Structures are given as structure tokens and as C-alpha cells.
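Working notes, beginning with the structure itself.
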Amino acid sequence: MVVLASTPAVDHIPLLRSPVPGDYFSGMPVVDLSSPGAPRAIADACERFGFFKLVNHGVPADTMDRLESEAVRFFSLPQADKDRSGPAYPFGYGSKRIGLNGDMGWLEYLLLAVDSASLSGACAVPSCALFRAALNEYIAAVRKVAVRVMEAMAEGLGIAAVDALSGMVTAEGSDQVFRVNHYPPCHALQGLGCSATGFGEHTDPQLISVLRSNGTSGLQIALQDGQWVSVPSDRDAFFVNVGDSLQVLTNGRFKSVKHRVVANSLKSRVSMIYFGGPAMTQRIAPLPQLLGAGEQSLYKDFTWGEYKKAAYNSRLGDNRLAQSHR
Ligand SMILES: C=C1C[C@]23C[C@@]1(O)CC[C@H]2[C@@]12CC[C@H](O)[C@@](C)(C(=O)O1)[C@H]2[C@@H]3C(=O)O
Ligand SMILES: O=C(O)CCC(=O)C(=O)O
Ligand SMILES: [Fe+2]
């Protein structure tokens, strides 16, 4: 209590019960992307959890490590230098404020626009050439992984057209975003049994999110019964989650997973996430191949542009898909 009163830095950041060892997710689906069983395993994980760990993805450790060190270097700059790369909206550096509707978290981040397979030319940040090069190399690689995973999803769903889903992120004008998050250690709450919220609970609005983090845990997902479980970190793996738009395209078969990040009291967490979204004009409605005889869409019809606008006008934790239910 005393600590909270004397640490204004954590004021306005919601608190969460600190994770305990028993909270770890023991049933985590682990998919080997190089295995012939990957399509079925991916579809199964997306149906049960909307989330899985991906190994043997083919992205060199160097590509991931280079971006991580450049990100650490950027976040170590004096605050005034980082603020020159802000504000975060539409793209740039942000600290503690998430979105424009009052959400707060114990983090700082860069939100970046992606064109095709690299940073958008119009994206002013980051100005450092080494950081930009590391970002471009990583984005090209992670995007290929996202495409392979979406191809496997289509196959796992029994859809004949291999690009039925992946084609939406490779299409001209697809809306892809890249985010680098830094959660500094929150020393003030150490030993108090509670932790600062790093990134509050939410679902991702896009089709797919592909996340890589350093060795610091903090990510949690909600299971279908509402229980929160901690995801053990693995710096060599990717963690893939289904977004709202993919839930709709599969008429609810794949689940858009609710997730959040709990800040660590001792260690920094650095995560980098590729969000694959379709073009603004893309209609988001169940794929006809997935609708059984007489099966109706569970959702109202909308375009990605309409859904994104509504999402960005909502609070982080709002159940956006519930409002799109018929
Ligand atoms: C509070 C918000 C932040 C967010 C836009 C929103 O209004 C609701 C969705 C949030 C989210 C979650 C996934 C991604 O991190 C993100 C970039 C996105 O596309 O939707 C964020 C948005 C954000 O940080 O601007
Ligand atoms: O930083 C993380 O580990 C997850 C963050 C997240 O869910 C997001 O940026 O949408
Ligand atoms: Fe997220």
C-alpha cells in the first residue's frame, strides 16, 4: 500500500494478481511447421484455443536476435529522443497509453506500418539505419511464416484453394501492422502479490498475429472456460493467435483468443508482433466453403475497414465481436 502511494509511475495502471507457478499453461499445442501433420495440428489448436506455439519455422535466430538488440538499443535512448518518434497514432512511439480511448499499460512501444513485406516507406520511425534494416529483414521473414501458417490453416480446414486465407494478407493494399513492445520491470510492486498490467486483456482485430518475445514471460491467454493461464516464454519459437476477422471467416470455428500481458517485477520483456490484416475493402464473412448445408453466418456483414474503425473507437477489453453477432 505504502509502495503504491509513493510510486506515482504506476498510478493509472490497472493491477493484476501476480502469476504463480500453477498458472502455467500445461496443454499448450506445439506445432512443428516442417511436419506433414502441421495443417491438422494448426486447425485443431485454432479450434480449441485460438493459440499455439510454432517451432521449426525456419526463421534464423540471428534475424530475431538482431531486431531484439536494435529494439533494446532504441528503448534505452533518453526519453526525450524516444518522444521525438511519437506520438504512436497513427504510427510511432508510445508510452503507457494504448489506443486513443483511455487504456493504460506498463509498457512503451513502437507501432509501425508495413507495406507488402517491409516497413512502409512513409513510416518515419525508426530513423536509425541499422534498426530499419533489422526490422525489414525480420518483417519479410515473419510475414512468410504467417503466409505458410495461413496456407496450412486452409488445408487443415479442408479448403481446396491453398490461398483462400493467406491471399488476404498478400493482396495489394493488405493492412499489416508491426509492433515492438517493451515492458520495463516494475520494481515498485515486487513482493506485493500483484503486478502491473503490461497490456490489458483484449482480442486482436486482424486475421492473424505472430509474436516473438525475449526470454521473459508475461503473456497470458484465457482458456474457453475463462481461466487465465501463463504462456511459458520461448525466444526460439513464435506464438500464433487467431484474430477476430479469422473467427468470422471460419464462422466461429477458429477462436479469437483473449490475451493480456502481466509486467514482471524484475525483468524486461521485449516482444515483436506481426498483425496480418486484409485490405480495407475486403468483406469479412464466413468463407462459403466452410458453411454446411443451410448453415447461416453467425455475424453481421462488414468490411475490414468498417470493423477496424469500430475497433479503434472501442476500449481494449471490449468484446468487439459480440457487437457483430447477428
Ligand atoms: C485500445 C485499442 C488499442 C488497439 C486499438 C484499440 O482501440 C482496440 C484494439 C487494440 C489493438 C490490439 C491489437 C494490436 O496491438 C493493435 C495495434 C490493433 O490493431 O488493435 C491494438 C490497437 C492499438 O494499439 O492502437
Ligand atoms: O507484448 C505482448 O507480448 C503481447 C501484446 C499484444 O497482445 C498486442 O500488442 O496486441
Ligand atoms: Fe494482442
Going through Ala160, Ala88 one at a time, which residue ends up being part of a loop (DSSP other than H, G, I, E, B), open to solvent by 30 Å² or more (accessible area, probe 1.4 Å) and hydrophobic (A, V, I, L, M, F, W, C)?
Ala160
For residues that are within 12 Å of ligand 2 (Cβ to nearest atom), in contact with a Gly (Cβ under 7 Å, 6 or more places away or on another chain) and open to solvent by 30 Å² or more (accessible area, probe 1.4 Å), tally how many sit in the range 254-267.
2
Of the residues in the range 168-219, those that are open to solvent by 10 Å² or more (accessible area, probe 1.4 Å), away from ligand 3 (no atom under 16 Å from the Cβ) and of a type in the set (A, V, I, L, M) come to Met168, Ala171, Ala188, Leu192
Would you say Tyr312 is under 16 Å from the mean Cα position of the chain (by Cα), aromatic (Phe, Trp, Tyr), within 12 Å of ligand 1 (Cβ to nearest atom) and open to solvent by 20 Å² or more (accessible area, probe 1.4 Å)?
yes
All-but-one check, Asn101 against (1) open to solvent by 10 Å² or more (accessible area, probe 1.4 Å); (2) touching a helix residue (DSSP H, G or I) at 6+ places or on another chain (Cβ under 9 Å); (3) over 29 Å from Ala188 (Cα atoms); (4) not hydrophobic (A, V, I, L, M, F, W, C), failing number (3)
Considering only residues of the range 268-306 that are within 16 Å of ligand 2 (Cβ to nearest atom) and either more than 30 Å from Phe74 (Cα to Cα) or among the hydroxyl-bearing types (Ser, Thr, Tyr) (or both), which is surrounded by the fewest Cβ atoms within 10 Å (Cβ to Cβ)?
Ser268
Close pairs from the range 47-75: first free of Cβ contacts under 8 Å to residues at least 40 places away in the same chain, partner part of a loop (DSSP other than H, G, I, E, B), Cβ under 8 Å, at least 6 apart
Asn56/Leu33; Asn56/Ser34; Asn56/Ser35
Could you figure out which of (1) open to solvent by less than 50 Å² (accessible area, probe 1.4 Å); (2) free of Cβ contacts under 8 Å to residues at least 24 places away in the same chain; (3) of a type outside the set (A, V, I, L, M, F, W, C) isn't true of Ser95?
(1)
Among the residues listed as Thr170, Thr197, the single one being farther than 27 Å from Ser268 by Cα and polar (S, T, N, Q):
Thr170
Against the condition at pLDDT 95 or above, open to solvent by 10 Å² or more (accessible area, probe 1.4 Å) and away from ligand 1 (no atom under 13 Å from the Cβ), how does Asn251 come out, does it pass?
yes
Output the residues belonging to the range 167-203 that are more than 20 Å from Ser116 (Cα to Cα) and among the charged types (D, E, K, R).
Glu201
Which of the following residues is away from ligand 3 (no atom under 16 Å from the Cβ) and open to solvent by 60 Å² or more (accessible area, probe 1.4 Å): Val147, Val72?
Val72
Looking at (1) closer than 17 Å to Arg148 by Cβ; (2) open to solvent by less than 40 Å² (accessible area, probe 1.4 Å), which is the only condition Gly58 fails?
(2)
Just a yes or no: is a residue in the range 223-240 within 10 Å of ligand 2 (Cβ to nearest atom), under 23 Å from Ile42 (Cβ atoms) and open to solvent by 30 Å² or more (accessible area, probe 1.4 Å)?
yes
Criterion: over 19 Å from Phe275 (Cβ atoms) and part of a helix (DSSP H, G or I) - qualifying residue of Glu151, Glu155:
Glu155
With the condition kept exactly as written, say whether any residue in the range 16-39 is surrounded by 14 or more Cβ atoms within 10 Å (Cβ to Cβ) and among the basic types (Lys, Arg).
no
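The values are calculated or read from the model by the stated rules, or taken from the named source; none is laboratory data. As the structure is a computational prediction, the values presented were derived from the model and not from experiment. Please note: Cβ atoms are built from the backbone with ideal geometry, for glycine as well, and neighbour counts cover all protein chains shown. Surface areas here come from the heavy atoms of the whole protein model, side chains and all, with no ligands, DNA or RNA. Shrake-Rupley method; radii C 1.70, N 1.55, O 1.52, S 1.80 Å.
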